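Data block below; observations after.
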Amino acid sequence: MKQVLPGDIMAAKANMIPIISKMYCSSSKVVLVVRKRPHVISGGGFVVTDYSQKVVFRVDGCGILGRKEELVLRDSGGDALLLIRRKKQAAMVEVLSLYKNWKGYTSDYEGSQKLVFSLKEPNSFLVKNNVMRISTEPRVSKKDWDFEIKGYFPDRDCSIVDTKGNIVAQMAGGKKEVPGLMTSNDLYHVVVQPGIDQAFVFGVIAILDYIYGESTRC
């Protein structure tokens, strides 16, 4: 086993990007497993667990909340960490818009909401490369976006990358990271790199799940 040196830990902490909370930023790579819940029994959504099948996050979608284009990311105890909504626009405005905009909010103990990230879903063939891009609050780059989605989510061949092209989180259905895991579209794993906010990553995955009509959608 490789020895973790104090300098490695300090470097990892220096590179942390706590978009939701630093408590969800690990100093080492983390592999988590996503298990989709059936609509009929559990109302859909999905559960995120670690190697020992301990629940880390839970995502509730339309089948549980009863509202379309709204998602809630919860912690292991069931407390809401993130409220995600698609920004509503007038019908004519939406038809003409290049993007559909998703917003992720945290809330404090008084219930005040704070915007922590926005995801732009292409809504027109005029959008170059049809790429989904994410901006965080506060910003982590000098560009007008901070992360983008590469690959195709329904195939579980999909990554979140930063503006330099570095993979910060990767979804996959293979067994390379989780030997013995019987993967499928309903069960797959996500590798999150050191310093990256895992709650943010699964908030983005919740949006992708909804966009592609999977477990969080009615």
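The values are calculated or read from the model by the stated rules, or taken from the named source; none is laboratory data. Note that the structure is a prediction, hence the values are computed from the model and not measured. FYI the Cβ positions are ideal-geometry reconstructions off the backbone, even for glycines, and counts take in every protein chain you see. Just the protein is used for accessible areas: all its heavy atoms, side chains included, with ligands, DNA and RNA removed. Shrake-Rupley method; radii C 1.70, N 1.55, O 1.52, S 1.80 Å.
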Practice task
Would you mention how many residues in the range 183-209 are part of a helix (DSSP H, G or I) and of a type outside the set (A, V, I, L, M)?
Solution key: 5
Completion exercise
Residue hits (the range 182-207; in contact with a helix residue (DSSP H, G or I) (Cβ under 9 Å, 6 or more places away or on another chain) and modelled with pLDDT under 95) are Asn185
Completion exercise
So, first residue farther than 13 Å from Val34 by Cα and open to solvent by less than 60 Å² (accessible area, probe 1.4 Å) in the range 46-68, second residue basic (Lys, Arg) and part of a loop (DSSP other than H, G, I, E, B), Cβ within less than 7 Å, six or more apart or across chains; the pairs are Gly61/Arg217; Cys62/Lys68; Cys62/Arg217
Problem - Leading residue by the ranking (modelled with the highest pLDDT) among those in the range 112-137 that are open to solvent by less than 100 Å² (accessible area, probe 1.4 Å) and assigned to a loop (DSSP other than H, G, I, E, B) - result: Met132
Exercise for the section: Check whether at least one residue in the range 19-38 is aliphatic (A, V, I, L, M), at pLDDT 90 or above, in contact with a Gly (Cβ under 7 Å, 6 or more places away or on another chain) and within 19 Å of Tyr212 (Cβ to Cβ), and report yes or no. Expected result: no
